[in-house]
Amino acid sequence: DGAICIQPCSPSFHGETSFFCQDRKWRMFTDACASLDVQSLFQPVHGKPGDGSKYFGADDHGNNNCQADFSCIIPDILSSPVIPGNIADIVELLKNISLLLSENVSRGKMQSYSRIANHILNSSIISSWAFVRDRNAGSILLDSVNLFAGKLLLRNGSESIQEDFISTKGYSIHKKTSGKSFDFSMEFNNTGNITGHIVIPEEELLKLPKTSKAISIAFPTLGAIIETSQLDPGFVNGMVLSVSLPEELRHILLTFEKVNKLENTKAQCVGWHSAERRWDNRACTMKSDNISSVVCICKHHHRTFKSFSILMSPTMLRNAVLDYITRVGLGFSIFSLVLCLIIETVVWHHVTKTEITYMRHFCLVNIATSLLIADVLFILAAIVHNTALNYQLCVAATFFLHFFYLALFFWMLTLGLLILYGLLFIFFKITRSVFIATAFFIGYGCPLVISILTVAITEPKNGYLRSGACWLNWYETKALLAFVVPALSIIVVNVLVVVVVVVKTGRSSVGEGCKSQDLSNMIRISKNVALLTPLLGLTWGFGLATIVDSRSLAFHVTFALLNAFQGFFILLFGTLLDRKTREALRMSCLSSKRKCSLAKVKISSPPSK
């Protein structure tokens, strides 16, 4: 009856109403849907090209504007929010269009198809793909586009259809063509353009028995999207370039401009294995590699290898040793922090009799509490990401993780300022109430403001989360700077605090010539530095070394050891090595033993007559 029905009103992955159902129970493009199978375009289909005309309401002569280019569905799709549930819906729609409407793909059809695909390939929404329920959605999209574009009809021997994040080009080729090439220059991450170049060698063209066509599609962002669904992904460092060629043509030459132009990083030419849905290095061999581009020779196969790209070895080393250190360290750190808080509770009244000791232990308890919560959230964030529970839960985990790690650093800053206060302002007294108010403002107020501003500024643009993890984004919005800048600034301040402590400690022996006194002074200085380093967060400074030389396993192991075991260091240097805490703990133990002994005596004593 000329009806075009797209999607029944069913909840999306996030429990939200999908974009096709915002206005009424069934999204209809005409008023007569009752007689059609309205779910057809969103359910698995097994038809053949050409069967789709009945779903798009063509009459007996096949005359229907929407069937010609299905442009009627584009406004609703482009106005829809790009949330994971809608991404899955659009991928399913494109898949079914490819299966049902890929006969005689005109320029109009290809333009409409490209506009729909472009909507979910935007670089600003890559992080949303991590929460699409179907982990193969990116691969399905790639196969669907390749299938549909491969049926593109060429006008006057060539065609070119350009969108921001997908570009399609086609040429007529024959054996007398001298080396046909495709050139692409496209935007990536709103920071500039990357290029790709495909050449069909002349010796390959000589194999053609008749005039044929060659189609190529370029995707600047699809590589990063596919990464989000891989369990152990390589880093796609260029465009994904797809080709549709006659079966006689087997070898092509591809040039990829690198997205990250880093020195001393090994590039790898790969092809996407459509059946196994993974990158396969057997499809390509590398011809040349320099700092800005890679040239690959790849084998085209119409069933398996039609899409190609380059992978980059990760700049952050992923090593089984580091994973093991992190797991063991976090577990031991959590146990140590719980023990630290228990000890502080037991000895609190004994060690907080003076104002300065009260302030010190107050900071220590909040440092331990912030790190304990942050470590637990770190584990929970990893679980949330690995199980892909939902996007909002990952945002919440990232927010609180960001807040409590910042709180850790700001309480370390508070402790550093307290040490300076004790050393430099001997005659200036601060009341307990003023200290508590100031400490809470610095320790929790500042992190709360930074965390709220970060999520408020970046989340509306889908730039809060990084791709593939429940943590702050870096490549698109640089949201990670909201953690890195405060943390490094506090480390610098606390380094200055340690320098002041060293100077003050060393000044007491100036002028004394006794070697034993010098040795005692050096031991005292070393002890102070060792005590203050984990309490003031200076171990995080080793993270700078991993940035300077990201390929050094030694730097990564050192950083992982020092920070994964930071809870243990706080227990050791902040609690167990403190003389007053040990004395108070011993007194509490003796008092407990005495009470137990008295209780036993009372129980064993015979009742008086």
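The values are calculated or read from the model by the stated rules, or taken from the named source; none is laboratory data. Because the structure is predicted, anything quoted here is derived from the model rather than measured. Because the Cβ atoms are built from the backbone with ideal geometry, glycine has one as well, and the counts that use them run over all protein chains shown. Note: accessible area is taken over every heavy atom of the protein model, side chains too, but ligands, DNA and RNA are not part of it. Shrake-Rupley method; radii C 1.70, N 1.55, O 1.52, S 1.80 Å.
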Practice problem: Please list L254, L154 in order of solvent-accessible area, largest first, computed with a 1.4 Å probe with all protein chains present. | Solution: L154, L254
Exercise. Just reorder H349, H301, H556 by solvent-accessible area, largest first, 1.4 Å probe, all chains present.
Key: H349, H301, H556
Exercise. Can you send over the solvent-accessible area of D134, 1.4 Å probe, protein chains only, in Å² to the nearest 10?
Key: 70 Å²
Exercise. Could you order C296, C446 so the one with the most accessible surface comes first? Probe is 1.4 Å.
Key: C446, C296
Practice problem: Tell me which residues come under 5 Å, amide H to amide H, from E163 once H is placed; ignore anything under 5 positions away on its chain. | Solution: T168
Quiz item: According to a simple spin-label model (label point 7 Å from Cα along Cα-to-Cβ), what is the distance in nm between V499 and Y421?
Solution: 2.3 nm
Exercise. Calculate one ³J(HN,Hα) per residue across region 217-226 by plugging θ = phi - 60° into the Karplus curve 6.51 cos²θ - 1.76 cosθ + 1.60, and present them in order as whole Hz with x for glycine and proline.
Key: 10, 10, 10, x, 10, 5, x, 5, 5, 5
Quiz item: Accessible surface of Y444 in the full protein assembly, 1.4 angstrom probe, to the nearest 10 Å²?
Solution: 50 Å²
Practice problem: Pop out the Kirkwood hydrodynamic radius of region 415-481 from its pairwise C-alpha distances, inverse of mean 1/r, in Å to one decimal. | Solution: 14.6 Å
Quiz prompt | V259 long-range amide H proximity, modeled H, under 5 Å | solution = G238
Exercise. Quote the FRET efficiency, to the nearest 0.05, computed for N290 versus L448 with a Förster distance R0 of 60 Å and r equal to the Cβ-Cβ distance.
Key: 0.80
Quiz prompt | Per-residue ³J(HN,Hα) for region 353-368, Karplus 6.51 cos²θ - 1.76 cosθ + 1.60, θ = phi - 60°, Hz, x for Gly and Pro | solution = 7, 9, 5, 5, 6, 4, 5, 5, 5, 4, 5, 4, 5, 6, 4, 5
Quiz item: Residue by residue through region 443-458, which ³J(HN,Hα) values in whole Hz follow from phi under the Karplus form 6.51 cos²θ - 1.76 cosθ + 1.60 (θ = phi - 60°), with glycine and proline marked x?
Solution: x, 10, x, 4, x, 5, 4, 5, 5, 5, 4, 4, 5, 5, 7, 9
Quiz prompt | 12 Å beta-carbon shell around I116, net charge (K/R +1, D/E -1) | solution = -2
